[in-house]
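No value in this document is a laboratory result; all are computed from the given coordinates. Predicted model, so just to flag it, every value in this text is computed and none were measured. Note: ideal-geometry Cβ built from the backbone for every residue, glycine included; neighbour counts use all protein chains shown.
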Amino acid sequence: MHSEFKKLPAVAFWGDFNVGKSALINALIHQPLLEVVRGESTPGFIFIANNGGDGQICWYRFDALTHDCSVFEQKAMIKWSLTNPTCASKHNRDIIVGYLPNLPFSRMVMVDSQGFSSARYDSDARDYLRDAPFEMLSVMVINCEYVGAKHSMEILKEIYESHPDRTVVALNGVDCLELDEILSLQKRTPKRLSTFGIQHVPPIYYLSAKLECERYQKGNQKYRESCKQAVIELCDIQFDRFRLFLYSWEAQHSTAKTLIVEQIQLLLHNHAISTEGIKG
């Protein structure tokens, strides 16, 4: 394995569909890059990385079956879904790579994944990504209203047992709760995790991707204005702590010489996926 891969940190977002994985990424990068819809909208893995400030968003699709590389427009990418059989691979091994200018996380790859509840979900998809040459942090995204769902807890336990020091939990959607309900959730959740055998509870963040997406949008904060101030403040603090945790992870597992574009190309090459036609 190429030694340079060890310098490339990544954070992968796991969870059921409709828990807000894509929305969470949008909130972290301060732009509505990924489509957020009801239902299954992420067909495979989507890698998002900094392109060095080149000024343009470039999207590539790597077909895991044919090993072909193709370039397409942003609008085509965000509407790429399981309902389009010409795009979805039955193995869910196709990889979409988006290179963005001025990404807040300039030396770290962000990975969106398909929801666990999908009928098309490949049971070994987690192993495929876990075996990739990244310093991988796993973020288990759970809707706050469904904490403790059996299949989510089983996946969380599996991920946590594989990398106990590289797993965090993001409980999304707490903006729909009252303040006292959120405080109660903070007490109940660690106990709930322990009932599934997760004795050493990983870091848990009680946050709202929806509130965070509006936080820095001037003139478009209608949803934030409709929420109670105490809930907003709690969600903002929790999201800031979550963001800081990711920045710390990036800083600890990267160097100033980390070259995202070049290393992703090497990654795809070593996974037998053609990179022909990619411009660095």
Give LYS21/LYS157; LYS157/LYS187; LYS187/LYS228; LYS150/LYS218; LYS21/LYS191; LYS21/LYS228 a once-over and call out the pairs whose C-alpha atoms are over 30 Å from each other. LYS150/LYS218
With only alpha-carbon pairs counted, each pair once and no self-pairs, how large is the Kirkwood hydrodynamic radius of the range 135-209 in angstroms? 12.5
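Between LYS187 and GLU154, what FRET efficiency follows from the Cβ-Cβ distance if R0 is 30 Å, with the result rounded to 0.05? Write out the running numbers ahead of the final one.
Details: r = 23 Å, r/R0 = 0.76.
After rounding to 0.05, the efficiency reads 0.85.
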